[in-house]
Amino acid sequence: MEDILRPIYQERASSSLTLGILLIEKRAMSSNLTESFDYILLVITENDEPSLFMKHYTYKEMKAALVTVSIKQVREWLLLGSNRRFIEWMHQGKILFDRNENVARIKQEIEEFPFYGRKLKKGLEFAKLIHRYTDGRAFFDAGQYMDAYNYIVHSLHHLARLAIIESGFYPEVTVWEQVKHIEPQIYKLYEELITSEESLQKRLELLILAIEFLIYSKSKSGTEHFMEVLSSKEGEPWTIGELLEHPELKNYRVDLMSILEYLI
């Protein structure tokens, strides 16, 4: 299959817009890495349009995907952590072509996880955590236990991702395997929620108290970036409109009111 793919990536490498190409192979121990494909060719380009493009190839029993993504989209995914599969591809992929070491720098960034990136990502995860936990608590108080369960599971995911980021790592697809070694307390809460034989109401009641304590313990770390931005303005207080339009806070928009209410 690699022989079949070679002319495809060589054609892409000849384009002046192509910054790098990686090859990701299906592995027996992690077959979900490439989803349903045997090979993935990941092409990173300077061109912003389209930001993401995919094409499929088959040869005999083998399947491959050509994924073309803009460097702008790559930066967004790295910042927001909104595509963990891509981060895994970047980490595991073999570099076939690299113009001016663009791909090597991205891979190094994932491994080293720059401090500023960590502060912002902690803030975003903490804001999402607050939002999901607050909604889950409201559903619990209203006796809507199934909906509360859904939101509490999501809040635990954000809590786990926050703990991983605090330790200097990018959250992977297998986030619970990561957090099991980094912060076992959070892993045990998740395990308790899904395996306990207590009633759903009792499980949620105990989890809500535990999560509330963990949120409080991580407040300073989780709001560090947000508070730095707020403290940058002297004199008049912020308006909501100013916060929504501030370039450093634009990624908080969906969860902005939740984190503001929490801080108040």
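The values are calculated or read from the model by the stated rules, or taken from the named source; none is laboratory data. Only a predicted model underlies this, so the values are computations on that prediction, with no experimental measurement involved. Cβ sites come from the backbone with ideal geometry, for glycine too, and all protein chains shown count toward neighbours. In case anyone asks, the SASA skips ligands and DNA or RNA and just uses the protein heavy atoms, side chains included. Shrake-Rupley method; radii C 1.70, N 1.55, O 1.52, S 1.80 Å.
Summed over the residues of the chain and divided among them, the accessible surface reaches 54 Å² per residue at a probe radius of 1.4 Å.
Rg of the Cα atoms in the chain, relative to 2.2 N^0.38 Å, amounts to 1.16.
So how strong a dipole does the chain carry about its Cα centre when Lys and Arg Cβ are +1 and Asp and Glu Cβ are -1, to the nearest 20 debye? The partial results should precede the final answer.
Numbers: 32 positive and 40 negative charges, 102 e Å.
With Lys and Arg at +1 and Asp and Glu at -1, about 500 debye.
Of all lysines in the structure, the ones whose alpha carbon falls short of 23 Å from that of K233, not counting any fewer than 8 places away in one chain, are K119, K121, K122, K220, K250.
Relative to the dominant Cα principal axis of the chain, helix 115-141 is inclined by about 50°. Cross-link partners for K94 among the lysines, with Cα-Cα distance under 25 Å and sequence neighbours closer than 8 places in the same chain left out: K26, K55, K60, K63, K72, K107.
Could you work out the mean projected area of the convex hull around the alpha carbons of segment 148-189, in square nanometres to one decimal?
On the way: hull surface 10.8 nm².
Over all viewing directions, segment 148-189 projects a mean Cα-hull area of 2.7 nm².
Using every Cα-Cα pair within segment 148-238, state what percent have a distance larger than 20 Å.
Working: 1809 of 4095 pairs.
Value for segment 148-238: 44 percent of Cα pairs lie more than 20 Å apart.
The packing ranking, built from the mean of other Cβ atoms within 10 Å per residue, places the peptides 79-89, 232-242 in the order 79-89, 232-242, highest first.
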